[in-house]
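Inspection log for the structure reproduced underneath, given as structure tokens.
Just so it is clear, none of the values below were taken in a lab; they were calculated from the coordinates. In this text, all values refer to a predicted model and were calculated from it rather than measured experimentally. Cβ: placed from backbone, ideal geometry, glycine included. Neighbour counts: every protein chain shown.
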Amino acid sequence: MRTAILCGLLLGLGCLTQLAAKTPFTYDALAKIARIDDPQLSPDGKLIAFTVQTVDLPANNKPTQIFVVPVDSGPPLRLTTEGMSNTRPRWSPDSKRIFYISDRANTSGSSNTQVWSMGADGSDQRAVTNLPTGADGVTVSPDGGLIIFTSDVYPGCSPSNAVAGIDYDAACNKANLDKDAESKMHARVYTNLLYRHWTQYQGSRRRHLLIQTLSAGKVRDLTPGPNDTPPFSLGGPEPYAFSPDSVQIAYVANGDTDLSTSTNSDIYLVPAAGGAPKQLTGNKGGDEGPLFSPDGKLLAFRTQTRAGYESDLWRLAVMDLQTNAITSLTDSLDRWVESYTWSADSKRLFFTMDDHGTQPLMMIAANGGGVRTIAQGPTSVSSMQFTPGDKVLVYAEQSGSRPVEIFKATSKGGSGVALTHMNDDILASYQLTPLERLSTDGPELSKVESFIVKPPDFDPAKKYPVLFLIHGGPQGDWGESWSYRWNAQVFAAAGYVVVMPNPQGSIGYGQNFTDAVNSDWGGRAYQSIVATVNAVSGLPYVDANRIAAAGGSYGGYMIDWILGHTTSFKALVSHAGVFDLASEAGTTDELWFPKWEFHGFPWENPAMYDQWSPSTYVKQFKTPTLVTHGELDYRVPIGQGQELFTALQQMNVPSKLVQFPDEGHWILKPQNSQFWYKTVIDWINQYTKATN
């Protein structure tokens, strides 16, 4: 059974038996997977809308369409066909219509993303917005009369002293768009930091939260000003929400002056009718994910306490909206809270957390008390939503050997039931291996856990080469989740025992374990990996003379560090790895990261930068290394990979550099991804497949 039932209160999460193995799970098989995301339960509890992204390798794109599936029984129904990107389905309160974001051309010929709506069966599809600056992130008010969404607007089109609720000036925004498009001068001028983020340079526009009346179509800017509000975020809970009476909107903003060194964010409350926002939280760490209780009396959110540390413990908190008193509910849990939802009676919160590579479902009373485990096992649960009366819970579930599908579970208990089977036929044709766990004694009496994926048709009497995958972060983890960028099943299918260690610095093992990597990048984490390599080398089915390692981001840093500290690996792969800490600190986008990790900048703490920089140890480089990097990577800029390759070449170390001009920190485009997997596997094959 994939998930053990530990609480009879509500549910048992599903158990689908591993289907019969056939052929190895290659990249071509990975490209066939339907990528399910964003399940949304209709208010009447009858249908679930969700998105499905597929891969079109010949066209080199990934179209996304919207489907619905009945909660009771029945096959999924595809609702959208036009456009390449149809995302974020959100229900009207009467469950009759679905609002969504689409890039399909509207009647005015615009092809930027706008809010659309359609019937629950896909009929009567029509554009709801027609903004020159486009629209994204739609949410529908509980009374059905309003929508809020984001748009990248020109802040100068709103008076500098405007309060929330200023009318959106379409003519002004359109004129500025035309001016930018016609200009032959493309110089970028900046007077403050965080002028680029991930893969984009900051332009003249800012992301604002807009509101539109559905009856009259009037659009207003709720967050005028020079900042991106809500701030850019990657994943995490929703950054804004309507109150149950549709009168107020809670949203997240960062009001700090230097956004490049700040991890602060606070929650604000603004009237839907317009007016000055009210700041609800004043914590110097992150506050995000506002979620009103159904009775409108409480506001749940997650919070961090330490300023400047993006990997501080994420706690679940509740604010009493009458007294503004805040209760932190999960201080004793010592695990990061991820997603959460309210019970219908507003008395309980159900949430998921990171725990030893899994995401179990937990429950706690809104006024505090003990945490109860609802369901836990070798899976990751997310997107929990209740039908009326809390009788049925729908959720998304995945593991390291199975991609996301949508499930339901009833209050009567028992195993969860899969509502979607979009990948069953594909998975039935390929052999996937369940993840196994290995625990190793690490530094300072710690236990270091790893996940192992064995190759297809595994024979314990044989000796296999090993590929270690080092995760990024460094405050990240490997576990029971499905990956498209570093899919262990694909590497195992190439004939490797794949080992994914969670060294000190990883999440899911307590905050002290996570904090152990701070200012110690090549210390305890490296020792954890060495201890794991030694343990794996002693396994009876492992050929200790044929071990390779690969990693991205901080994992790439660790590969670069390994280069200067051991020759025990036959081949290495460094993707988007940090090579020189001093130059990385001066060129990365989010400056809070090096400032926290190394107690200041290179001119403030040069000894620490020198100690932990792989560039310090170039003279010890000997292991053949493949370097891959995206040229649009502003988190770990392309110079880091180029500097590493230069050092390898000058040291006469067998090496290869692969740059992707159209990729950022991750390799995402289908044909690029296919080429990346092949290049990586070919490289490690070259040095590990022949017994030495």
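At a threshold of 8 angstrom on Cα-Cα distance, excluding pairs fewer than six apart, so keeping six or more, what relative contact order does region 126-193 reach in percent?
Values: 47 pairs, mean separation 17.5, N = 68.
It rounds to 26 percent for region 126-193.
Neighbouring Cβ atoms within 10 Å as the yardstick, rank H629, H186, H356 fewest first. Before the final figure, lay out the partial values.
On the way: H629 29, H186 6, H356 18.
Neighbour counts put them in this order, fewest first: H186, H356, H629.
How much net charge surrounds P244 when only the other residues with a Cβ under 11 Å from the Cβ of P244 are counted, with Lys and Arg +1 and Asp and Glu -1? Write down the numbers at each step before the final one.
Numbers: positive: K297; negative: D143, D245, D295.
Net local charge, P244 excluded: -2.
For region 81-94, in order, what is each residue's ³J(HN,Hα) by Karplus, 6.51 cos²θ - 1.76 cosθ + 1.60 with θ = phi - 60°, in whole Hz (x at glycine and Pro)?
For region 81-94, the Karplus curve yields 9, 8, x, 8, 9, 10, 9, 6, x, 9, 7, 6, x, 8 Hz.
Go through region 360-365 residue by residue and turn each phi into a ³J(HN,Hα) via Karplus (6.51, -1.76, 1.60, θ = phi - 60°); whole Hz please, and just put x for glycine and proline.
For region 360-365, the Karplus-derived couplings read x, 9, 10, 9, 8, 5 Hz, x marking Gly and Pro.
Tell me, which longest segment in the chain has none of the chymotrypsin sites (Phe, Trp or Tyr not before Pro) that fall in DSSP loops with at most 13 further Cβ atoms within 10 Å? Walk me through the intermediate numbers first.
Numbers: sites that count: Y190, F232, W603.
Looking at the chain, 233-602 is the longest stretch - no exposed chymotrypsin sites (Phe, Trp or Tyr not before Pro) with at most 13 other Cβ atoms within 10 Å.
I'd like the Karplus ³J(HN,Hα) series for region 419-426: coefficients 6.51, -1.76, 1.60, θ = phi - 60°, whole numbers in Hz, and an x wherever there's a Gly or Pro.
Working through the residues one at a time gives 8, 10, 9, 5, 10, 4, 5, 5 Hz.
Tell me the net charge near A272. Cut-off is 15 Å between Cβ atoms, A272 excluded, with +1 for each Lys or Arg and -1 for each Asp or Glu.
Net charge around A272: -1.
Taking DSSP loops as anything outside H, G, I, E and B, show the longest stretch in the chain free of GluC sites (Glu not before Pro) there with at most 12 other beta carbons within 10 Å. Spell out each step's value before the answer.
Numbers: sites that count: E82, E604.
Segment 83-603 is the longest.
List the residues whose amide H sits under 5 Å from the amide H of Y464, counting only those 5 or more places along or on another chain, with H placed 1.01 Å from N in the peptide plane.
V542, D543
Using Cα-Cα distances under 8 Å and only pairs 6 or more residues apart, what relative contact order does the chain have, in percent?
Values: 1729 pairs, mean separation 78.8, N = 692.
So the answer I get is 11 percent.
Tally Lys and Arg at +1 and Asp and Glu at -1 over the other residues with C-beta under 15 Å from the C-beta of D662: what net charge comes out? If you can, show how the numbers build up before the last one.
Values: positive: K62, K669; negative: E631, D633, E663.
Net charge in that neighbourhood comes out at -1.
Around N61, which amide H atoms from residues at least 5 apart in sequence, or from another chain, sit under 5 Å from its own amide H, with H modelled in the peptide plane?
Those lying under 5 Å, H to H, from N61 are D56.
Roughly how far apart, in whole Å, are the Cα centres of region 371-417 and region 269-288?
32 Å
Between region 586-626 and region 643-677, what is the C-alpha centre distance in whole Å?
Computed from Cα coordinates, the inter-centre distance equals 20 Å.
Got a sec? How would D103, D633 order by Cβ neighbour count within 10 Å, fewest to most?
On the way: D103 18, D633 25.
Starting with the residue having the fewest Cβ neighbours, the order is D103, D633.
When D180, D354 are ordered from fewest to most other Cβ atoms inside 10 Å of their Cβ, what list results?
Numbers: D180 13, D354 22.
In increasing order of surrounding Cβ atoms, one gets D180, D354.
At q = 0.07, 0.08 Å⁻¹, what is the base-10 log of I(q)/I(0) for the chain according to the Debye formula with one equal point scatterer per Cα and no solvent? Please give it to two decimals.
At q = 0.07, 0.08 Å⁻¹ the computed log10 ratios are -0.48, -0.64.
Under the rule of at least 5 residues apart or a separate chain, name every residue whose amide H is placed under 5 Å from the amide H of Q248.
S243, A272
Whole angstrom only: what separates the Cα centroid of region 168-238 from the Cα centroid of region 46-81?
So the two Cα centres are separated by 30 Å.
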